[in-house]
Structure formats: C-alpha cells, structure tokens
Amino acid sequence: MSANLSALFYLISGILFILALRGLSSPETSRQGNYFGIAGMTISIIVTFLSVGNFGPGFIYVIVFLLIGGSIGAFIAFRIPMTAMPELVAGFHSLVGLAAVFVAISAFLKPGAFNLGDLGNIKLASLIEMSLGAAIGAITFSGSIIAFLKLRGIMSGSPITFKGQHIINLLLGVAIIFLIYYLCRSQSSNIFWSVIFISFILGVLLIIPIGGADMPVVISMLNSYSGWAAAGIGFTLENTALIITGALVGSSGAILSYIMCKGMNRSFFNVILGGWGATDQTSNKEDKEQKPVKNGNADDAAFLMKNASSVIIVPGYGMAVAQAQHALREMVDALKKNGVKVSYAIHPVAGRMPGHMNVLLAEANVPYDEVFELEEINNDFANCDVAYVIGANDVTNPVAKSDPQSPIYGMPVLDVEKSKSVLFVKRSLSPGYAGIDNDLFYRDNTLMLFADAKKMTEEIVKSL
Amino acid sequence: MEIDPFIFRLSIFILSIFVGYYVVWSVTPSLHTPLMSVTNAISSVIIVGAIIAALADTSSSVFQGSNIFGFLAIILAAVNIFGGFLVTQRMLQMYKKKKK
C-alpha cells in the first residue's frame with residue numbers, strides 16, 4: 001500500500017475517532033459513537049499491516065500477541081464491577097503510557113524502520129518528538145500506577161508530602177528538558193535511558209502528594225497526559241491518526257481536569273501541589289461534640305419520605321463504597337409507588353472520577369433523565385420536601401456559601417439545606433475529606449441516620 | 001520555498017486540539033466516565049507504532065532487540081483497545097430512558 005493511500009486511511013480513522021467522541025453528546029447517540037471508534041481502530045490496524053507488508057512469521061506473532069492482549073482486556077472489561085471504574089481507567093492509562101515508552105524505545109533503537117535516519121544519527125525533530133513522547137509516556141505510566149494503587153486502597157489515599165517536594169519535582173522537570181537537549185547533540189543512548197528513568201520517578205513524585213478526593217482531577221490529568229504522549233509518538237511516526245487522536249485525548253483530559261477543578265473552586269495548580277485538608281482536621285474538635293444532633297432511624301426516614309411529594313437524592317462517594325446504588329433504586333421504586341416524585345442531584349466532583357455517580361446509577365437501572373447536574377437541579381431544593389443525602393458530605397456543606405474563612409468557600413455546593421427536611425445517611429459525625437465540619441448536621445431540619453449507606457437504605461425499603 | 005511536512009502535521013495537531021475542545025465540551029456530564037474510557041481506548045491507536053516496530057526487519061529473527069519492545073507494546077495496547085471499547089460499550093448499554 002502506498003504511503004499516500006495509507007495516510008488517507010489514517011485520516012479516515014482520525015475522523016471516526018472524532019465522531020466517537022461526538023456521539024457522547026447524548027446517551028442515544030453514544031453507542032453508535034463507540035462503533036465509530038471501533039471502526040477507526042480496525043481501519044488503522046489493517047492499514048498498518050498492509051503498509052508494512054511483512055506477512056512472514058513475525059505477522060503470525062503479532063496476531064497472537066494482539067489476541068493475548070485482547071483477551072486479557074476483554075476479560076477485564078466484562079468482569080470489572082462498575083464501582084471499580086476509577087481504578088480501571090487509571091490502570092488503562094498506565095498501559096497507554098508504557099506502550100508509548102516502548103514504541104519510543106524501539107524507534108530509538110531501530111530508526112531505519114520508521115524512516116527516521118540511522119542509529120546514532122536520528123533526525124533532530126524526530127529525536128525531540130520521540131523523547132518527549134517517551135518522557136510524557138513514562139510520567140503517565142508511573143503516575144497512573146500510583147493513582148491506581150491509591151484508588152484501589154493498596155496505598156493510603158492521604159497525601160504524602162515532604163519538604164522541598166515541589167523544588168525536587170521542578171528540578172527533575174528541568175533535568176528532563178536539559179537531557180533531551182543533550183540527547184539531540186550527542187545521540188547517546190545512555191542519555192535517552194536517563195530521560196525515561198527520570199520521567200518514571202517524576203511521575204511517582206507528582207501524584208503522591210495528591211489526596212484521595214482529588215482523584216477526579218488526577219485521573220483527568222493523566223488522561224490528558226496519555227493523549228500528549230500519543231501525539232508525540234504520532235509526530236515521530238508521521239502518523240495522522242495518532243496525531244489527531246493524541247490531540248483529542250489531550251484536550252479531552254484537560255477539559256475534564258478544568259471542570260473538576262471548577263467543581264471544587266480550586267485552581268489546577270492548587271490541586272496538583274496537593275496536601276489539602278491535612279492541617280485543620282483536629283483544630284476545632286472540641287466545640288463539635290457539644291452541638292446537638294437530631295438522630296433518626298429507618299422508620300422515621302421512611303415515614304418522612306412516604307408523606308413527601310418530592311424527594312431529591314444526593315449520592316456521593318460513600319454510596320459507591322457501600323455499593324448502595326441497587327438498594328437506593330429499590331427505595332426509589334417503593335417511593336414512586338406511593339406517588340412521590342424522585343430525582344437525583346449529582347455534584348460535578350461526587351465520586352472518584354468524572355461522571356462516576358452517573359455510571360453507578362445507570363448500573364442500578366436508574367433512567368438517566370431522572371438524574372440531574374448541579375446547575376439543573378439546584379433551584380429545586382427550595383420546593384422539595386426531603387433531600388436524601390447518601391454518602392456525600394462536603395458537596396452539601398452550606399459553609400462554602402457563608403464563611404469566607406472556610407477552605408471550601410466559593411465551591412459550588414448543592415443547596416440541600418433549602419429543602420423542608422434533610423436526611424443525612426452517614427456512619428458518624430466525622431468531617432468529610434476537606435476536614436471541615438458540616439453545618440448541615442446540626443440544623444433543625446436535618447435528621448441524621450447513622451449507619452452504613454446500604455444497610456440504612458435497605459431498612460428504609462423494608463419499612464416502606 | 002518548500003514547506004516542511006512537519007508544519008502540515010503541526011497544523012493537523014493544532015486543528016485537532018480545537019476540534020477536541022469543542023467536541024468534548026458538548027459531551028454531556030453524565031457520560032464523562034465513558035468519555036474517559038473511550039478516549040483511553042482510542043489513544044491505544046499507538047498500536048500502529050508497535051506493529052511497525054514489531055515487524056521491522058524480521059529477516060534474521062522475529063524476536064530481537066527493538067522488535068521485542070514492539071511486541072510488548074502490542075500486548076499493552078491490545079489490552080487497552082479491547083478493554084477500553086468493551087467496557088465503554090458495557091457502560092453505555094446501561095444508560096436507559098424512563099419507561100413510558
């Protein structure tokens with residue numbers, strides 16, 4: 001296959017990938033979008049085989065390895081529970097990162113195969129592109145591994161900070177750029193390996209200071225990185241499909257990071273530099289325990305909701321941890337039978353990744369047109385009888401609107417307190433991730449339900 | 001003076017960033033998780049590089065030096081391609097409208 005023809009086919013794949021993302025603008029078109037993506041990928045792979053034109057024994061092995069990887073991937077995709085989606089995505093990002101590193105390494109070792117010159121005399125532009133691709137790929141790999149370990153709970157979700165951390169990261173970043181410059185001058189393979197090695201370390205150091213609840217930003221950021229790494233390799237290989245995809249994924253991840261940061265009213269750098277909320281966790285414990293709290297049980301909650309005309313459910317990460325989405329759905333079904341109008345309110349940073357709550361609710365067969373984003377539903381709290389807060393905390397804290405001293409001041413929150421009564425399912429009065437007390441617990445219209453989210457919801461179902 | 005092909009690729013790259021920007025803003029927030037898994041799947045198109053690397057000059061032996069990295073990259077990318085598209089499909093299948 002001629003180079004021009006295959007370039008045109010790669011362009012078609014690139015367009016199909018754009019359509020794949022475009023499909024996600026609504027759930028109806030999304031499935032079709034996914035097929036566009038699969039078609040684009042198939043075209044890319046077939047065209048590559050045809051343009052390489054090597055159908056010897058190596059080709060058989062490529063197919064075998066493709067199938068091995070494919071069956072592992074398919075196995076994971078079918079087995080993974082929806083609650084584990086954040087760590088799955090983090091794990092997948094690490095694979096893209098490592099694949100980028102491997103491709104860059106083989107391009108460096110055998111530049112002739114990619115038309116990049118000869119070993120020791122690689123074209124300057126290609127050398128810059130491949131080393132940038134390798135560096136970003138390596139950062140994506142090790143960073144995603146850390147994110148994966150944190151999300152999986154293998155590593156503690158609390159931020160790991162030490163003195164001079166940011167300066168070390170900065171120095172490592174500068175060192176990478178400096179080494180790439182030297183690599184271009186000397187073409188030395190030792191320098192190439194050092195670039196990759198330092199990038200691995202930098203990836204680890206960049207992610208360890210970021211705490212568990214900031215994971216939505218981290219995952220989006222690593223998503224973006226994996227895109228830029230792919231684009232770097234795309235430039236090296238002069239491959240349009242890869243360049244287009246890299247740009248799409250890179251900007252997609254960047255936009256998601258932006259949306260997540262805005263959902264917390266924090267700047268990107270503030271999140272990346274990490275270490276939030278670790279300080280004032282213990283500061284005012286004393287006066288906290290003094291305040292009276294109204295304590296209720298499942299029967300009270302069932303009674304309140306049964307007699308309500310509208311209920312808004314506010315799910316959070318706690319719902320995912322307790323796997324309470326199915327029980328919740330049963331509760332809502334029972335309420336609907338009683339003629340109660342039920343809707344769901346989702347805060348942009350609820351959960352551990354963008355859209356996490358929506359997927360869990362969809363899994364529990366909640367129709368997506370009953371699920372609303374913060375801006376869509378926030379005015380409805382004033383007219384609603386009961387707000388059922390399950391596993392969310394900071395995103396409902398009215399302090400974000402009233403107290404300029406509070407670390408979460410200015411963060412958009414759900415106006416839960418405006419509803420006639422609030423049911424707050426929580427294990428204890430402990431503060432949320434931000435380490436600040438939630439005013440809502442002590443309000444007159446709040447009824448605290450101290451229990452595991454799933455157990456409590458199941459009990460409510462029974463007494464309904 | 002002739003234009004360096006690099007400039008063309010750079011133009012494609014920058015225009016794609018703009019396309020990505022507008023396309024991704026139009027993605028509904030409830031589908032942000034599938035968005036991440038599908039972007040992850042499509043970024044595995046890096047497998048084209050892996051295939052080229054694996055099949056480069058296999059005249060003497062299939063597994064040698066740089067080819068091995070190509071084969072490793074093929075496995076990693078293949079996990080992602082199949083895993084990414086299938087898990088996206090699984091998620092999207094769950095999004096249903098209210099039964100009328």
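The values are calculated or read from the model by the stated rules, or taken from the named source; none is laboratory data. In this text the structure is predicted, and so the values were computed from the model without any measurement. We place every Cβ from the backbone using ideal geometry, glycine too, and count neighbours over all the protein chains shown. Keep in mind that these areas ignore ligands, DNA and RNA; they rest on the heavy atoms of the full protein, side chains included. Shrake-Rupley method; radii C 1.70, N 1.55, O 1.52, S 1.80 Å.
When you check A:F102 against the structure, is it closer than 24 Å to A:I219 by Cα, open to solvent by 30 Å² or more (accessible area, probe 1.4 Å) and without any contact (Cβ under 8 Å) to a residue 24 or more places away in the chain, yes or no?
Here the answer is yes, as A:F102 does meet what is asked.
To keep it simple, each residue is scored yes or no on (1) surrounded by 24 or more Cβ atoms within 10 Å (Cβ to Cβ); (2) within 22 Å of A:T140 (Cβ to Cβ); (3) within 7 Å of chain A (Cβ to nearest Cβ); (4) of a type in the set (F, W, Y).
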position	(1), (2), (3), (4)
B:I17	no, yes, yes, no
B:V24	yes, yes, yes, no
B:H32	yes, yes, yes, no
B:L35	yes, yes, yes, no
B:V38	yes, yes, yes, no
B:S61	no, no, no, no
B:Q64	no, no, no, no
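Check region A:341-357 and report whether any residue there is free of Cβ contacts under 8 Å to residues at least 40 places away in the same chain and more than 14 Å from chain B (Cβ to nearest Cβ).
Within region A:341-357, none of the residues are free of Cβ contacts under 8 Å to residues at least 40 places away in the same chain and more than 14 Å from chain B (Cβ to nearest Cβ).
So in region A:2-28, with the set limited to residues that are more than 10 Å from every other protein chain (Cβ to nearest Cβ) and exposed (fewer than 15 other Cβ atoms within 10 Å of the Cβ), which one is farthest from B:P29 (Cα to Cα)?
The extreme case among them is A:S2.
Yes or no: B:F85 crowded, with 24+ Cβ neighbours inside 10 Å and aromatic (F, W, Y)?
yes
Working only within region A:29-46, note down all residues that are at the interface with chain B (Cβ under 9 Å from one of its Cβ atoms), among the β-branched types (V, I, T) and open to solvent by 40 Å² or more (accessible area, probe 1.4 Å).
A:I38
Which condition from (1) buried (at least 24 other Cβ atoms within 10 Å of the Cβ); (2) modelled with pLDDT under 95 is the one that B:D57 breaks?
Status for B:D57: all satisfied but (1).
Condition first: of a type in the set (D, E, K, R) and at pLDDT 90 or above. Now tell me which residues in region B:1-26 satisfy that.
The answer is B:R9, and nothing else.
Against the conditions (1) more than 21 Å from the chain's Cα centre (by Cα); (2) part of a helix (DSSP H, G or I), where does B:R9 fall short? Just the number, please.
(1)
For region A:207-250, give me each residue that is within 7 Å of chain B (Cβ to nearest Cβ), in a helix (DSSP H, G or I), open to solvent by 10 Å² or more (accessible area, probe 1.4 Å) and not β-branched (V, I, T).
Within region A:207-250, A:F235, A:L237 qualify.
Select, from A:S189, A:S194, the only residue that is surrounded by fewer than 24 Cβ atoms within 10 Å (Cβ to Cβ), within 14 Å of chain B (Cβ to nearest Cβ) and of a type outside the set (A, V, I, L, M, F, W, C).
Checking each option against the conditions leaves just A:S189.
What are the residues in region B:40-59 that are within 30 Å of A:P354 (Cα to Cα) and more than 7 Å from chain A (Cβ to nearest Cβ), if any?
None - no residue of region B:40-59 is within 30 Å of A:P354 (Cα to Cα) and more than 7 Å from chain A (Cβ to nearest Cβ), so the list stays empty.
What are the residues in region A:106-133 that are surrounded by 22 or more Cβ atoms within 10 Å (Cβ to Cβ) and of a type in the set (D, E, K, R), if any? Before you say what the answer is, go through the steps one by one.
Here is the first cut: in region A:106-133, the ones surrounded by 22 or more Cβ atoms within 10 Å (Cβ to Cβ) are A:106-108, A:110-111, A:114, A:116, A:122, A:127, A:129-133.
Residues satisfying the conditions are A:K110, A:E129.
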